[in-house]
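Notes follow once the structure below has been shown.
Derivation of every value follows stated rules applied to the coordinates shown; laboratory data play no part. Everything numeric in this text was worked out from a predicted model, so none of it was measured. Positions of Cβ are generated from backbone atoms using ideal geometry, with glycine treated the same way; all protein chains shown enter the neighbour counts.
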Amino acid sequence: MEPNGNEYVDDYGKMSRIGKMEVFRDDNHRIEKPAKIVQRVLEAKYPRMSQEDSRRIITEMIVKPADMKIKVEGDDIRIDSLNLYVANSIESINSGSSDYGASSKSEYFGWIEEGQKIINDMNTNGVTPQELETKHKFLSDFEQREVDLMTCLALYRRCNLADPEVKKKYDELEQKLVKLREIRSAVQVATPDKADREVSNPVENARRKALALVYTGVLTELATEAKGGMSRLTEGQKRDLNIYFEPYVNVQYVYASIMRDAKAKDYYRESKAETFAVEQIEKQTPNRESLMHKLAVLSGRISENLGKKASPVEQKQRAFDINRYMMLKKMQEENNLQRA
């Protein structure tokens, strides 16, 4: 399955949340991508797994039929079972790291409590830089948790949703994603976007305090909804309060995102020792003969192993690295310039 452009949009033709995340990630490297999230869980369970096996397994988890088995460190494991394990682990690890308890539901109530505090702090006696920083960290954490939840939901879709336990987990996580988006939008709407000094205008002070009361009350209603299982705010009220919930998860995009990263070899090269060794090799000044040989290999004109002209089959199989080729070509030109 290759991305075709449609994976960026939802059912209404708008860019999906995770599609926006893909764009946002370029400016915020703290956001962990779906493939990296899955890889982290696999490596924790199978610490001796090679990078090549990691790429292969992640790809097969997405593209092969869910009832097939794949080889994982000598064991044959059903794909739906592995997807279920990874999805459960992702949510357990992330919700368990919450300051509000080691359960998915405890984390949710922690979000509400923290959101209410941010709203109250930022609408009382002006906005300090520290309060603004707390708000931005809160929203940034929510961006990451949203990607976590969407990754889990996509993996659950590769499991047996006819199983009551799996379906229950899927439904609970889907509702948690809805509530995350509602809480985040409430905090965004109810708080200023920049720090300021204490507001001396009594009318503005009163307006801010009233706004804080409204939206802390809204978050209280959302908490009551979660406890009782009943919706206490109508969709009309949420629209009036500018609270969106967007339950849609673009599963196709999540899969495509995982596939892109599983195929990118550099994405898995995170060993500091390996990185250091590569840097040292690339720092060495190459002689003209070795440089010409590398250029010929990268362009497919000769075989790296045989040292002779490549056959058409070998040329077809060779993966041409344009970035590496252009770098070496530039080094060759600089070498020729120095010789002249």
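Packing-based ranking of 84-94, 210-220 yields 84-94, 210-220, ordered from highest to lowest mean Cβ neighbour count within 10 Å. Summing charges over all other residues whose Cβ lies under 12 Å from the Cβ of residue 74, with Lys and Arg as +1 and Asp and Glu as -1, gives -2. Of the cross-linked pairs 135/209; 69/169; 45/105; 33/329; 167/263; 45/176, those separated by over 29 Å at the C-alpha level are 33/329; 167/263. Compared with the direct C-alpha span, the chain from residue 210 to residue 139 gains 23.3 nm at full extension, assuming 0.36 nm per residue. Judged by the ratio a/c of the largest to the smallest principal axis of the C-alpha gyration tensor, segment 129-181 counts as prolate, that ratio being 1.5 or greater while a/b is larger than b/c.
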